[in-house]
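Shown next, in structure tokens, is the structure this report addresses.
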Amino acid sequence: MKTFFPKKEEITRKWWLVNAEGKTLGRLATEIAVLLRGKRKVEYCDHLDCGDFVVVINAEKVKVTGKKLEQKKYYSHSGYPGGLKEKTLKEMLAKKPEEVIKKAVWGMIPKNRLGRKIYKKLKVYRGPEHPHQAQQPQEYQF
């Protein structure tokens, strides 16, 4: 029996709407990464972009367990000596909650050209409004 490989024109993409309110950050990120890669599809192929688009709303209402709000750190470097900056999860959720979900999902997809292409299909918004009504995203239930 021959191995089936989908062609670009045969791949159908859906738009999913994920509500992050009350969801645990890591578990939410794994589900989003699976949707972005298309691993739940029958025609999944690991070297092709078979995934769907994902719109995440209410990013500021995501929850974490334990003492992660004070203990989890996010690092960035300016490129200059002494330019290392660190922020806690609590500070990140207050200023840029979209980045928290994006960084969690980025850690769960491949770090190559395909991963960067997959990552562009993720749209994260702080509140319940989003500009993707025309695509008619379907509500995704966990």
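One decimal place: the segment Phe4-Lys95 gains 28.2 nm when fully extended, by the rule 0.36 nm per residue minus the C-alpha distance. Quick check: net charge around Gly22, other residues with Cβ under 13 Å of its Cβ, Lys/Arg +1 and Asp/Glu -1? My count for the surroundings of Gly22 gives +2.
Counting only DSSP beta bridges with both residues in the stretch 1-124, the antiparallel share comes to about 35 percent.
May I ask for the percentage of alpha-carbon pairs in the stretch 62-142 that lie more than 14 Å from each other? Could you put the intermediate results ahead of the total?
On the way: 2395 of 3240 pairs.
Beyond 14 Å sits 74 percent of the P(r) for the stretch 62-142.
Highest mean first, the peptides 34-40, 45-51, 131-137, 7-13 sorted by other C-beta atoms within 10 Å per residue fall in the order 34-40, 45-51, 131-137, 7-13.
Give, rounded to the nearest 20 debye, the magnitude of the charge dipole that the chain has about its Cα centre when Lys and Arg contribute +1 at Cβ and Asp and Glu contribute -1 at Cβ. Don't jump to the answer; show the numbers that get you there.
Numbers: 32 positive and 16 negative charges, 87 e Å.
The calculated dipole for the chain is roughly 420 debye.
Taking a sphere under 14 Å around the Cβ of Glu9 and counting the other residues whose Cβ falls inside, with K and R at +1 and D and E at -1, yields a net charge of 0.
Hey, which of these cross-link pairs are over 30 Å Cα-Cα: Lys8/Lys95; Lys23/Lys117; Lys72/Lys117; Lys85/Lys121; Lys41/Lys120? Let's see the in-between values first.
Numbers: Lys8/Lys95 39 Å; Lys23/Lys117 26 Å; Lys72/Lys117 28 Å; Lys85/Lys121 28 Å; Lys41/Lys120 19 Å.
Violating the 30 Å Cα-Cα cut-off are Lys8/Lys95.
In terms of other Cβ atoms within 10 Å, Tyr80, Tyr44 run from fewest to most in the order Tyr80, Tyr44.
Report, in deg cm²/dmol and to the nearest 500, the calculated mean residue ellipticity at 222 nm for the chain, where each DSSP H run with n ≥ 4 adds -39500 (n - 2.57) and the sum is divided by the residue count.
It lands at -8000 deg cm²/dmol.
With respect to the chain, whose longest principal axis is taken over its alpha-carbon atoms, helix 25-37 is tilted by about 30°. Give the calculated FRET efficiency between Arg40 and Lys67 to the nearest 0.05, with a Förster radius of 25 Å applied to their Cβ-Cβ distance. FRET efficiency, Arg40 to Lys67: 0.15. The H on the amide N of Val124, modeled in the peptide plane, is under 5 Å from the matching H of Val56, each at least 5 residues off or on a different chain.
Amide H contacts of Cys45 (H built 1.01 Å from N, in plane; Pro and chain starts excluded): Cys50 sit under 5 Å, all sequence-distant by 5 or more or on other chains.
Rule-based calculations on the coordinates, nothing more; no lab input. All of these numbers come straight from a predicted model, not from anything done at the bench. As a convention, Cβ positions derive from the backbone with ideal geometry for all residues, glycine included, and neighbour counts pool all protein chains shown.
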